[in-house]
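Comments concern the structure below.
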Amino acid sequence: MEKTDLLVLQFQQKDVKAYENLYNMYCKSISGVVNTIVKNDAVAQEITQDVFIKAWNKSDSYSSKKGRFFTWILNIARNAAIDYTRSKKYKQAKQNLNSDFFVDILETNSSLENTTDTIGLREFVKKLGDTCKSVIELLYFKGFTQKEASEELDIPLGTIKTRNRNCITELRTMLRV
């Protein structure tokens, strides 16, 4: 019986020393694979620790007949990392950028309006119909997404997209004249 096989057997029998040895043997490799997926060292280390705890708790489900221990724990790690990238926490972390990057760029919606209007578009938008004015106002002068504009105006998203396209076409026609 190989040293690793003996460690795995002891691990399955809840030997803490075996746990420590296997952790020390594999943690860097597992963490590296997890980091490749989550792209964050701290999160990768946290997931790696969780993976080893999960492996400890589910050690009876490992069978050397099905494959190597490293492959088994690597699959647990890979699945945990993928689960993390699908989590709300991960998606929010990707969306919530540090505000220090944006200091003084946009203070309020009105500053966006003033900046955008410096190219003179507001005069052309005033010539549009009311439906176009409201859509263009929200999307381009106030920085709303199409989904946010849809919710604000209580109009279906598809309608917002169509109106946006039609209104932009109308503005282009005005600008050519």
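Distance check, please: which entries in Lys65/Lys88; Lys126/Lys161; Lys39/Lys88; Lys3/Lys28; Lys17/Lys89 exceed 28 angstrom between their Cα atoms?
Violating the 28 Å Cα-Cα cut-off are Lys65/Lys88; Lys17/Lys89.
For region 1-94, which trypsin sites (Lys or Arg not before Pro) are in a loop by DSSP, counting at most 13 other Cβ atoms within 10 Å?
Lys14, Lys39, Lys58, Lys65, Lys66, Arg68, Arg86
Per 0.36 nm of contour for each residue apart, how much would the distance between Gln146 and Ile168 grow if the chain were fully extended, relative to their Cα-Cα spacing?
Taking Gln146 through Ile168 to full extension adds about 6.5 nm, to one decimal.
Would you mind getting me the FRET efficiency between Thr85 and Lys126? Use the beta-carbon distance for r and R0 = 41 Å, nearest 0.05.
With R0 = 41 Å, the Cβ-Cβ based efficiency is 0.35.
HN-Hα J couplings of region 61-71 from phi, Karplus 6.51/-1.76/1.60, θ = phi - 60°, integer Hz, Gly and Pro as x?
In residue order, the calculated couplings are 7, 7, 9, 5, 5, 8, x, 6, 4, 4, 5 Hz.
Compute, for region 1-42, the length of the dipole vector about the Cα centre, with Cβ point charges of +1 (Lys, Arg) and -1 (Asp, Glu) only. Units Debye, rounded to 20.
Charge dipole, region 1-42, about its Cα centre: 100 debye, nearest 20.
Using a Förster radius of 22 Å, what is the FRET efficiency between Lys39 and Thr4 based on their Cβ-Cβ separation? Nearest 0.05, please.
So, using R0 = 22 Å, E works out to roughly 0.15.
So how far apart, in nm, are the two label points at Lys161 and Glu137 if each is 7 Å from Cα heading toward Cβ?
Going by the 7 Å Cα→Cβ label model, 2.5 nm.
Which trypsin sites (Lys or Arg not before Pro) in region 117-172 sit in a loop by DSSP (not H, G, I, E or B) and have at most 12 other Cβ atoms within 10 Å of their own Cβ?
Counting only loop positions with at most 12 other Cβ atoms within 10 Å, the trypsin sites (Lys or Arg not before Pro) in region 117-172 are Lys127.
From the phi angles alone, apply the Karplus equation (6.51, -1.76, 1.60; θ = phi - 60°) to region 35-50 and give each ³J(HN,Hα) in whole Hz, x where the residue is Gly or Pro.
My calculation for region 35-50 gives 5, 4, 8, 8, 6, 7, 4, 5, 5, 4, 5, 5, 5, 4, 4, 4 Hz in order.
Quick note: the coordinates plus some simple rules give every number you see, no bench work behind them. Note that the structure is a prediction, hence the values are computed from the model and not measured. All Cβ positions, even for glycine, are placed from backbone atoms using ideal geometry, and neighbour counts span all protein chains on display.
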